[in-house]
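Have a look at the structure below, then the notes.
Nothing in this text is a laboratory measurement; each read-out follows from the coordinates by a stated rule. Note that the structure is predicted; figures quoted are calculated from it, not measured. Methodologically, a virtual Cβ is constructed for each residue, glycine included, from the backbone with ideal geometry; neighbour enumeration extends over all protein chains shown.
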4 protein chains.
Amino acid sequence: MITDREKAAFEAGIKLGAIYHQFVGMPIARETAGAVEAAIEAATGLQPCVTGIRVRLNRDLMVSNRFGYSELAGKMFDIEITTRVGETTCRARMLLEDDYPMMEVIGFS
Amino acid sequence: MITDREKAAFEAGIKLGAIYHQFVGMPIARETAGAVEAAIEAATGLQPCVTGIRVRLNRDLMVSNRFGYSELAGKMFDIEITTRVGETTCRARMLLEDDYPMMEVIGFS
Amino acid sequence: MITDREKAAFEAGIKLGAIYHQFVGMPIARETAGAVEAAIEAATGLQPCVTGIRVRLNRDLMVSNRFGYSELAGKMFDIEITTRVGETTCRARMLLEDDYPMMEVIGFS
Amino acid sequence: MITDREKAAFEAGIKLGAIYHQFVGMPIARETAGAVEAAIEAATGLQPCVTGIRVRLNRDLMVSNRFGYSELAGKMFDIEITTRVGETTCRARMLLEDDYPMMEVIGFS
């Protein structure tokens, strides 16, 4: 037997792993970060079980290379997502923690 | 000796190859396609030598799976890009041609 | 409180979502599929909590385009992964199911 | 009129841009770098116009995070590719130059 909490945690993990590996490497700058956040939220919101998604990209880390732009790195992600299976909602996040973009389950409701 | 036309064609190729492999696989639907087009245009416009970029995604090919969304496929891309090196501008595109997302140089000016 | 089963399921989800969005779109053919399977297994095996990973890509779906190759699609994935948190092991998979590349927790031990 | 040199340069650009954005972000370590190089070479060799591809990933830059692995970054790429259109061969590369993964046409033959 697999519980709804376990399924919801699994679904949240899928979405965070997907975001990371779909978007890392994308050219980015402070002035385009808003459009990229909107696109990631729009894409993620389409997927099964997602009931909420908030994506913020850390502009302080968007240091320009000599051509005037940066590249989306895992360390820039500040994401909170909620997934729902049955009556259970899982809240999870991706956030920089000691220089590593940590993904974690925050809790259930 | 490498001419400015050759360099501009090379730069246009880089950007089209980059777009394809950065964004293919992204969850998409007709109602989110605009946000994705905007993000691709914003990201590409940051890169060296790009002077123009227009991205249209073919909504007719966005057929929903059983969860109500589709996935960005190479066949959906309709892109026109201009790159500039020295005094030379290269115009190139990616477009579905006989079921293959063909990338081509259109011309120089 | 979040249980080890919930954490292990979350970790398995991360890895499956990551594989999908990192590798979809890659040029592929039957003769290169083995090298790609090996690279995906090697990459995934490095990540936290992974204790086992088996990747098979469905060669029957690798239909050549007019240039003689295909493109890695979600439908080609047949993956089984085990993740471990504390004393708990989670087994999960990605497999084509009714034309959708379904990701599921199989069980715990 | 577009020359074979221009077309070959365009094709080389496509492949370098594709490699960058397909593979950046992949988990990697010194002991898996060989499998990843092989997979990138295999994938790229399938694409139109490619007559040669050599991929080396700079192991010195593969600094382990606290979980014992690194992540494929643009700065690690050392790639040389040849593309052929008609009777013309274009040689191009991607290589770290002043902290930027520079892509350049080397010459034609």
Relative contact order [Cα under 8 Å, 6+ residues apart], the stretch B:4-108, whole percent: 31
For the stretch D:1-106, with +1 on Lys and Arg beta carbons and -1 on Asp and Glu, the positive-most of D:Ala92, D:Phe10, D:Pro27 along the dipole: D:Pro27
Other-copy label distances relative to A:Tyr100, 7 angstrom Cα-Cβ extension, nm: 3.3, 3.4, 4.5
Axis-nearest residue of A (beta carbon) for the A-onto-B rotation, whole Å: A:Ala39, 2
Förster radius 56 Å - calculated FRET efficiency between D:Thr51 and C:Tyr100, Cβ distance, rounded to 0.05: 0.90
Principal-axis tilt of helix C:4-23 within chain C, Cα atoms, nearest 10 degrees: 20
Max mean-square fluctuation residue, GNM over chain A, Cα-Cα springs under 10 Å, options A:Thr83, A:Thr32, A:Thr44: A:Thr32
Nearest-first distances (nm) between copies at A:Glu31, label 7 Å from Cα via Cβ: 3.2, 4.7, 4.8
Ascending list, in nanometres, of distances separating the A:Asp78 label from those of the other copies (7 Å, Cα toward Cβ): 3.9, 3.9, 4.5
Degrees between helix B:33-45 axis and first principal axis of chain B (Cα, 0 to 90, nearest 10): 20
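What is the fewest-to-most order of B:Phe10, D:Phe23 by other Cβ atoms lying within 10 Å of their Cβ? Kindly include the intermediate steps, with their values, before the conclusion.
Numbers: B:Phe10 29, D:Phe23 26.
The order, fewest Cβ neighbours first, is D:Phe23, B:Phe10.
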